[in-house]
Amino acid sequence: MNFRLSSKTYTIHRPGPLDQHRVLVIADNQNGPKEFRQVLSTIHNHYTEAGNPHFILHAGDAVQVVKKLSNWQNQFFSPMEDIVDYHHG
């Protein structure tokens, strides 16, 4: 499958033709980094047993003030890095 965003194309590969995709969809964690960490911890514990998701989709409302970098760090990236060990780069 190919997904196009802006000028980039992303491809998701399945391990085998009959294998299922594990997709994680999350949303609306703005202004709640403590609660977001709790949700991510629960998700991480589930996926530790079942295998990591192949694709993560965040459906929106990740931060309160989009143009404020500290909101992104405190409300989104730090909780993701602390709990799930996913790193932006």
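Data overview
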| item | result |
| --- | --- |
| So residue 43, is it in contact with a His (Cβ under 9 Å, 6 or more places away or on another chain), of a type in the set (Val, Ile, Thr) and either in a helix (DSSP H, G or I) or modelled with pLDDT of 90 or more (or both) | no |
| Pick from the range 12-37, criterion surrounded by 13 or more Cβ atoms within 10 Å (Cβ to Cβ) and not in a loop (DSSP other than H, G, I, E, B), ranking: modelled with the lowest pLDDT | 24 |
| Count of the range 38-61 residues which are surrounded by 14 or more Cβ atoms within 10 Å (Cβ to Cβ) and in contact with a strand residue (DSSP E or B) (Cβ under 9 Å, 6 or more places away or on another chain) | 8 |
| Inter-residue pairs, beta-carbon under 7 Å, first farther than 15 Å from residue 81 by Cβ and in the range 32-49, second open to solvent by 80 Å² or more (accessible area, probe 1.4 Å) and in a helix (DSSP H, G or I), 6+ apart | none |
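The values are calculated or read from the model by the stated rules, or taken from the named source; none is laboratory data. Keep in mind that this is a model prediction, so the values were computed, not measured. We place every Cβ from the backbone using ideal geometry, glycine too, and count neighbours over all the protein chains shown. Each accessible area value is taken on the protein alone, full model and side chains, heavy atoms only, with ligands, DNA and RNA left out. Shrake-Rupley method; radii C 1.70, N 1.55, O 1.52, S 1.80 Å.
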